[in-house]
Structures are given as structure tokens and as C-alpha cells.
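The structure appears below as C-alpha cells.
The values are calculated or read from the model by the stated rules, or taken from the named source; none is laboratory data. Note that the structure is predicted; figures quoted are calculated from it, not measured. Cβ atoms come from the backbone with ideal geometry, glycine included; neighbour counts cover every protein chain shown.
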Amino acid sequence: MKEFVLLSIAGLAICTTAVADDQVLQDFALKNNVLSLQTQKGSIEIRMLRQDILENRFVPKGKFTSVAQPSHAVQLSTALSGMQLRQDAAVLRLSAGQMTVEVQKAPLRLRYYAQGRFLFEDMVSDRSEEGMPVTELMVRPDEVLYGGGARALGMNRRGHRLPLYNKAHYGYEEHSLQMNFAMPLFLSSQKYAVHFDNPATGFLDLDSKKDNRVSYAASGDVRTYQVIAAEQWPQLMEAYTALTGRQPLPARWTLGNFASRFGYHSAEEALRTVALFRAEKIPLDAIVFDLFWFGKEVKGTMGNLAFDPDNFPDPAGMMAKLKKQQVRTVLITEPFILTSSKRWEEAKQNAILATGKDGKPYEYDFYFGHTGLIDITKPAARDWFWQRYAELKKLGADGWWGDLGEPEVHPDDIQHAGGSAAQIHNIYGHEWAKLIAEKTAQSEPKERPFILMRAGYSGSQRFGMIPWSGDVNRSWGGLRSQPEIALQMGMQGMAYMHSDLGGFAGATDDDELYTRWLQYGVFQPVFRPHAQEEVPAEPVYRRDAAKALAKSAIELRYRLLPYNYTLAFENHRSGMPLMRPLFFTEAGSATTQITASAYFWGNDFLVFPVLNAGQKTMQVSFPQGHDWIDFYSGVRYKGGSQHELTLNTDTIPVFVKSGAMIPMAEGLQSTEDFRVADLNWHIYPVAAGQVQAATSQFYDDDGKTRMAWEQQAYALTHVIQQLTAEGVVLSVSEKAGKRYRSVPRKWTMYLHGVTQPPRAVYVDQKSQPFSYDKEKKTLRFTLTFAPGSQHQIRLPGLQQARG
């Protein structure tokens, strides 16, 4: 027997189907900050973790509920007080902070609201699929759905059934249903997110049957999910990363340029490559060593975890030479110990490998040889693995690359100390990053580790993981998928998702593709060209024209270092990604909700990557609310307008928001060259008739000390720009922490788009010399001040261009 009940929720008609095996509410109690709902199948427990975060846990009858299984993703666990419960004959209403849960008693349904706004309905499903219990949510028919980890499916992932199983996809292009990060999370265009708190393998179905249902299933009887809701996207990012953890501020060199390929066969080859960068004056901060550092061949040597003595006879000396040239060393490592490696017997004797049911090391074949797998969940194995890192660190290594950490081949019947393959698979990379982060904090408490990883899980960002998008094809199709992947992962907490610039897989030799990818890379979180060695990834080995364009892109990346480092600080403090979808600030547009071909870099840059071969023109739509200034030519465009732009080979279209104030650095060959005293500020006056004031900030510390902000070893500069009847007024103030090493500032200030210079420039009522370039419409003057001081700059009579 079925009964159909038509409900009207916030103007929407939702058809709820009642079936014979539906659950009903038998009893309830609000006690110890937990609402318990008793059904014939078990107990639903609802608790408030924050004013904007609720947790729902279903525990079947007979399960012990007092002690929940620890979450791998969630760091908030304390239930807050302040929940209130009301009821009538048919419905309970739970008020919890900014959220409300309406509990329909029979058939049992849960409807979530945020500040009166309907979010979704939990059907309290008793259905199973593929032997796993299913959670079913009813969503609005007009919602755009994001999330599920790293995929290449288009920004709107609604209509797809997503496998929750980390899996490499070699040579993917514009479509990839399954990749290295399968996260049990979805976000809605209605500004809420649901995180299913179970790392086990399963699936997340985002309305593939077109019936407005989101379904989630994974092994395990206890089912938990968190609901996060906000009024604006930045608030949702802040709340989700409060739940799962924030990315520690990376070392400043993370934002520099990397030399990387598959791979450097000898110390001589690596040193020669770095010497070419320095000779060509192409900025560089790190070199990445792929498989050949521990073996002459790709196959048969994985697990050695020590430098090959023939081709790297003096690794400590090599890394010391690199460091003298301000170049850091990053080493690839994998969790596989081959039976042919030099450490196989050691691994067996120390019992560090995952086992079969017989308790013996589980051996199997994969591409690189016959292997065992380090059991990352076993304390002894973690200690052993860390000792290898500690030995390499002592030699001079600066960062770690964790590859194949899905794990790439992971038999279903393998046994881990922490659980089955299905339970451990999706958190293997997550636990690997946690190992390195925690052990580094113990052994080098002042250091910020560099942890490049190919696979992870919800919350991996709190261990400082730097994810990349896997072995993308070296093709235009491969490039086209990259902005989507980075934007989606940034929304899911992993703000440093980036790609192998130029593409990895295949022997395509296409200078246009290479340079367009690097020009896009200037405005993605990590700048790391990497590829198979048939075609060079490093600009120093490219043809002259491509080399010149790549050098120009890398130099711009370094000029933007103070702006980019401030974005990293903002991510650390608030969870805001560095790359941001257009709908973050232009909500409500059906077009921007599904756009990945344009995005914001921080608050101030609007970026349009060139994603097609031979493209000569581009149709550009400018977001409303601001004028937009061409970053290279200074041409101003009105917000809300559309233009067809002619492209050039030197740059991709990049625009700066009116009101933006961009700190930049000049002449860097390494991030080690950065000097806070010598910044240039590029200021774009606010547009009359639009926003009358704009703010910006700049964060500085020593670029390397862990928790510098928390330890008061920082300076934070705020700049406010106001348009008054007299002209433009700038207010500059700086707060310096008590442990910040202060140096006087002498900053050069550039105001762009100035059609008439001011009558004078006053700094704290004192007249200041200035120059004006009429052709470039640029005003220039110098601001000198001490850290921790504040100043007012008046520019009476200044006039600027109009869009």
C-alpha cells in the first residue's frame, strides 16, 4: 500500500511517498543537548555542532550509542546547548541556532531549514542497495549540485552517480567520473552542504534518476551526516572548514615555480637543469625528483626509499648545492615495497605491511612489480615509514611527494590493522598526510611541511596536503577540465588543488598548449609544470618563443607573490579558496552557477583561461557592481557589459576590479628574495556611482615558521580606499604582532586609470612628491612608514577613467 502526501514547502510542491516499511516516530527526548528520535529500526540522534551546523546520526537497534566512532573528517564534536523543541499532533519542531528541523512523525521525515529557508528533506530511508544502507534526501528541482571530490563532469554534477572509491584515471581529458579524491560531500546552489561522515567505499547519487533524490550509501550500520548552511558562500566555506579543519599556512616557497619532470636520472642532470634556470634568469624555488632518485629503472625498485648510489653518489652534497642556489628539494615516495626492492626483507621483519587473512604480508602484482603495501593504519608501520623520511630530511630534503596513495592497486581482501580494504581505501592518502604532518610537528615544530599528494579525503586540508589533479592528458581537452576540478575542490576545503602545468600524459609537443596552460597556471594555487620526459616540462628546454612566454608567465607569478601569500593567509583563517567561482559574488545567475571557464583569483582578479587551440577572440561577460580594468592594457570595462575581445599570444584575459589594491614584488628569482620593505602597490580607484569604498589587506611573516599568526610573528596591513567629494582618500594601517621582526617600509604606490592628476598628494597632512604618466594614466608616489603605524593619504582633485 502506498500513500501520497502533497506538501507545500517554501512555495515548492514536494510529493512524499509513504510505503509499508516506512519508519514512524515511536518516542523522542531532548536530553544532554541531543534530540533522540526512536523508531522501530533504531535511534536518530540530532545535535548542534555550531549555530550553522547540525549532525544527524542513525544507530540501529542493538548498537552501542554512547561512544561514537571517531571521525576521520570532522574536528567539531561537542554538542552545543540551546536547542528548543516544540510539538503538535503530527510534527516536532527543533530550533537549533540558525537552523530548524521539522520532524514529521508518520511516516517519519526530517525537513531542514536555515533561517526559515527550506533546504532538503531526509526520507529516513530503510532501503539498502548493493548490500549497503541508503540515506535518501529530497532536494529542490532547481538546485545546482556540486562536490563529490575531484571529477571532470561540468560544474553542475547533478544527474551523476558518483563512485566513492579513490581511483587514478591516467590520461583523462574533459570527462572523468572517477578520480583520486572521492569525497562524500555535496554542496547546493541554495548555499548549504551535506557531508556524509563515513570514509568507506560506496556511492553518492546526485539525482541520476531525475526524481530529485540525492542518495548515499557506504558500508557500516551507523550512518552520520552533517548539514552546514549559510546565507553567503564565504560563510559556507568558513563553516565547512570549521567542521573539517583549515589548511595551515604553507611555506612561502610553495607559491614559487617548480622544476619537475618524470624524471631526473642523476644529480648531474638535476644540477644542470637548475643552472639553466639561473642562467636564463627564470625564477625557481624547488626541484621535484620522480622515481629515478631511488632506482635506475621505473620497474623493480619502488620501496628502496634511498638514493641510488651510482647516479646520486652524494645526495647531501647535491641538495646543499641546490639550497645555496635557493632551490628546495622535493622527493617522490610511494607506499609500495616491492619484493625486489632493497627493503623487502626489512619490511617483512618489521611487520609493517598489510596482510592477508592468514596474517602474512599480502603480496600481489601491479605495474611496477610484485609488491606489498605499507599498512598506514598500523602504529609500527607509521613509525617505520617516518624514519625513512627523517633519514632523507637529515640529508637535506625539504618536501615530500606522496604518489599512488589511492592506493593505486588495493585488493579487496587485503587486511589493515585499522579495518578492511573498503574501510581504509579512501582514507589511505589522508592518513599518510596526517602521518607526515604530525611527525614533522613533533620533530621540527617550527617548520611548515610541504606534502604533495594525489589522493585524500574530506578534511585532508588540515594536514597541509597540497593536492594535484593526477595524470591529465597533455591535450586541450586535458586543459579544459582543470579550472572545474580546482574550483570544485576549493569549495570542498582543498584550496591548493592544481594541475601538472602543460599536461602530463602523452608526447604532445604543442607550444601553444604549453604556454596557455602556464599562463593559466599563474592564477592557480601551485605553479608546477610536470610531464613525461618525451617532451620537456621545464621552460629552459623549450623552443625560444615558448620559453620567452613561459618566462613572462613565471615572472608575473613572482610579482604577485605578496598578493598570493595573502590569499593563502585568508584561506588559513577563513577557508576561502584561492580560486573562486563566479557565483561566489554574482549569485542568482543561472549561467555563473555552471561556469568554470572564468573565475575569480582572490577578490580582485577576474581570469579567463584560453582553453582552445588557435582561439583568436573571446566573448567576455563582466560581473556587475564594479568596473573591470584590463590588467595589461588598462582599458576599463563597465560591470554587466559584454565584449568580444581579441586575444594575443602573450597573455590570457585578466581583469582587475575597480577599487582593487594589489601588493606586488619586483625582480624576484626566488621567494627567498622577497623583501617586505620594497613592495609596489597597484591601486585601481573605485568607480564613481558604484562602490564608494574598498578595502584590501596584506599579510606578512617570515614565510617559514609554523603557526606564525598564532604566535604573533606577523604583520597585517589594511588599506581602505574612499571616494569623497574632494577626491580619493587612502587609509593605511598596520598591526604587527609582538614577535614580528619589523623593518621600515618604503612602498611605491601606483594609481591606475587616472585621467587628471590630483592637485597634491598629502600623507598625514604633509605634501608628498609625485609623478604622473599621462600616456599610461598612472600616478606614482612613495609611502614610507614603520610597521604598526597608520597613515592617511589624500589625493584632492584626482579623477579617473570611466567604464
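Given the criterion among the aromatic types (Phe, Trp, Tyr) and assigned by TED's automatic domain parsing to the domain that holds Gln23, identify the matching residue among Tyr113, Tyr170.
Being among the aromatic types (Phe, Trp, Tyr) and assigned by TED's automatic domain parsing to the domain that holds Gln23 holds for just one of Tyr113, Tyr170, which is Tyr113.
Out of Leu187, Leu204, which single residue is touching a residue at least 60 places away in the same chain (Cβ under 8 Å), within 22 Å of Arg111 (Cα to Cα) and of a type in the set (A, V, I, L, M)?
Matching residue, one of Leu187, Leu204: Leu187.
Please tell me if Ala168 is under 18 Å from the mean Cα position of the chain (by Cα), at pLDDT 95 or above and farther than 24 Å from Ser71 by Cα.
In short, no.
Suppose we keep only residues that are farther than 15 Å from Val656 by Cα and surrounded by fewer than 18 Cβ atoms within 10 Å (Cβ to Cβ) within segment 691-708. Which one would you say is modelled with the lowest pLDDT?
So, considering only residues that are farther than 15 Å from Val656 by Cα and surrounded by fewer than 18 Cβ atoms within 10 Å (Cβ to Cβ), the one modelled with the lowest pLDDT is Gln692.
Check Tyr750, Tyr740 and return the single one that is of a type in the set (Ser, Thr, Tyr) and not in a loop (DSSP other than H, G, I, E, B).
Tyr750
What's the number of the only condition in (1) surrounded by fewer than 23 Cβ atoms within 10 Å (Cβ to Cβ); (2) touching a residue at least 12 places away in the same chain (Cβ under 8 Å); (3) not small (Gly, Ala, Ser) that Ile466 fails to meet?
(1) is the only condition that Ile466 fails.
Could you pull out every one of the strands (runs of 3 or more DSSP E) wholly within segment 277-371 that has 3 or more residues that are assigned by TED's automatic domain parsing to the domain that holds Leu556, out of contact with any His (no Cβ under 7 Å at 6 or more places or on another chain) and closer than 18 Å to Ser260 by Cα?
Strands (runs of 3 or more DSSP E) meeting the threshold: 286-289, 328-333.
Could you list all residues from segment 141-154 that are surrounded by 20 or more Cβ atoms within 10 Å (Cβ to Cβ) and either without any contact (Cβ under 8 Å) to a residue 24 or more places away in the chain or more than 19 Å from His72 (Cβ to Cβ) (or both)? Walk me through it before giving the result.
Of segment 141-154, the ones surrounded by 20 or more Cβ atoms within 10 Å (Cβ to Cβ) are 143, 145-153.
Those that are surrounded by 20 or more Cβ atoms within 10 Å (Cβ to Cβ) and either without any contact (Cβ under 8 Å) to a residue 24 or more places away in the chain or more than 19 Å from His72 (Cβ to Cβ) (or both): Glu143, Leu145, Tyr146, Arg151, Ala152, Leu153.
Go through (1) in contact with a Pro (Cβ under 9 Å, 6 or more places away or on another chain); (2) assigned to a helix (DSSP H, G or I) and name the single condition Pro407 misses.
The single condition Pro407 does not satisfy is (2).
Residue by residue through segment 454-496, note down the ones that are within 18 Å of Ala286 (Cβ to Cβ) and either among the β-branched types (Val, Ile, Thr) or within 12 Å of the chain's Cα centre (by Cα) (or both).
Answer for segment 454-496, where residues must be within 18 Å of Ala286 (Cβ to Cβ) and either among the β-branched types (Val, Ile, Thr) or within 12 Å of the chain's Cα centre (by Cα) (or both): Gly464, Met465, Ile466, Pro467, Trp468, Tyr496.
Does Ser77 satisfy the criteria of being within 31 Å of the chain's Cα centre (by Cα), among the hydroxyl-bearing types (Ser, Thr, Tyr), at negative phi and not in a strand (DSSP E or B)?
Judged against the criteria, Ser77 is a match.
Check segment 675-695 and report whether any residue there is part of a loop (DSSP other than H, G, I, E, B) and within 30 Å of Ser443 (Cα to Cα).
yes
Filter segment 249-276 down to the residues that are part of a loop (DSSP other than H, G, I, E, B) and of a type in the set (A, V, I, L, M, F, W, C) and list them by number.
The answer is Leu249, Ala251.
Restricted to segment 224-268, and to residues that are over 21 Å from Pro577 (Cα atoms), out of contact with any strand residue (DSSP E or B) (no Cβ under 7 Å at 6 or more places or on another chain) and not aliphatic (A, V, I, L, M), which residue is surrounded by the most Cβ atoms within 10 Å (Cβ to Cβ)?
Arg261
Step by step: first the residues of segment 586-603, then only those that are in a loop (DSSP other than H, G, I, E, B) and either among the basic types (Lys, Arg) or out of contact with any helix residue (DSSP H, G or I) (no Cβ under 8 Å at 6 or more places or on another chain) (or both), then the one that is surrounded by the most Cβ atoms within 10 Å (Cβ to Cβ). Which residue is that? Steps first, answer last, please.
Pass one, segment 586-603, residues in a loop (DSSP other than H, G, I, E, B): 586-591, 595-598, 602-603.
Still in the running and either among the basic types (Lys, Arg) or out of contact with any helix residue (DSSP H, G or I) (no Cβ under 8 Å at 6 or more places or on another chain) (or both): 588, 590-591, 603.
Details: Gly588: 8, Ala590: 11, Thr591: 10, Asn603: 19.
Of everything passing the filter in segment 586-603, Asn603 is surrounded by the most Cβ atoms within 10 Å (Cβ to Cβ).
From the list Leu501, Leu487, which one is within 26 Å of Ile436 (Cβ to Cβ), outside the structural domain of Leu153 (by TED's automatic domain parsing), in contact (Cβ under 8 Å) with a residue 24 or more places away in the chain and aliphatic (A, V, I, L, M)?
After ruling out the rest, the residue left standing is Leu501.
I need the full set of residues from segment 504-528 which are touching a residue at least 40 places away in the same chain (Cβ under 8 Å), within 18 Å of Lys551 (Cα to Cα) and aliphatic (A, V, I, L, M), in order please.
Answer for segment 504-528, where residues must be touching a residue at least 40 places away in the same chain (Cβ under 8 Å), within 18 Å of Lys551 (Cα to Cα) and aliphatic (A, V, I, L, M): Leu513, Val526.
Picking from Thr329, Thr355, which residue would you name as being more than 21 Å from Ala168 (Cβ to Cβ) and surrounded by 21 or more Cβ atoms within 10 Å (Cβ to Cβ)?
Of the residues listed, the single one that is more than 21 Å from Ala168 (Cβ to Cβ) and surrounded by 21 or more Cβ atoms within 10 Å (Cβ to Cβ) is Thr329.
Looking at Leu49, Leu30, Leu37 in this structure, which one is loosely packed, with under 15 Cβ neighbours inside 10 Å, within 29 Å of Thr244 (Cβ to Cβ) and in contact (Cβ under 8 Å) with a residue 12 or more places away in the chain?
Leu30
For Asn198, all conditions in the list (1) in contact with a strand residue (DSSP E or B) (Cβ under 8 Å, 6 or more places away or on another chain); (2) farther than 19 Å from Gly149 by Cβ; (3) free of Cβ contacts under 8 Å to residues at least 40 places away in the same chain hold save one; what is the number of the exception?
Result: Asn198 fails condition (2) only.
Do any helices (runs of 4 or more DSSP H) lying entirely in segment 421-482 carry at least 3 residues that are within 17 Å of Ala251 (Cβ to Cβ) and of a type in the set (A, V, I, L, M, F, W, C), and which ones are they?
Numbers: elements: 421-424, 428-443, 476-480.
So the answer is 428-443.
Can you confirm whether Gly614 is out of contact with any Leu (no Cβ under 6 Å at 6 or more places or on another chain) and surrounded by fewer than 19 Cβ atoms within 10 Å (Cβ to Cβ)?
When the stated conditions are applied, Gly614 passes them.
Among (1) part of a loop (DSSP other than H, G, I, E, B); (2) within 24 Å of Val635 (Cβ to Cβ); (3) out of contact with any Phe, Trp or Tyr (no Cβ under 9 Å at 6 or more places or on another chain), which single condition is Tyr772 missing?
(1)
Rundown of residues vs (1) over 23 Å from Ala693 (Cα atoms); (2) polar (S, T, N, Q); (3) at pLDDT 95 or above, yes/no style:
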| position | (1), (2), (3) |
| --- | --- |
| Val732 | no, no, yes |
| Ala736 | yes, no, no |
| Val743 | yes, no, no |
| Trp747 | no, no, yes |
| Tyr750 | no, no, yes |
| Ala760 | no, no, yes |
| Val763 | no, no, yes |
| Ser771 | yes, yes, yes |
| Thr778 | no, yes, yes |
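Does segment 251-261 contain any residue that is without any contact (Cβ under 8 Å) to a residue 24 or more places away in the chain, on the phi < 0 side of the Ramachandran plot and in the same structural domain as Leu487 (by TED's automatic domain parsing)?
No, the conditions are met nowhere in segment 251-261.
Being within 30 Å of Phe368 (Cβ to Cβ) and among the acidic types (Asp, Glu) is the requirement here; does Glu269 meet it?
When the stated conditions are applied, Glu269 passes them.
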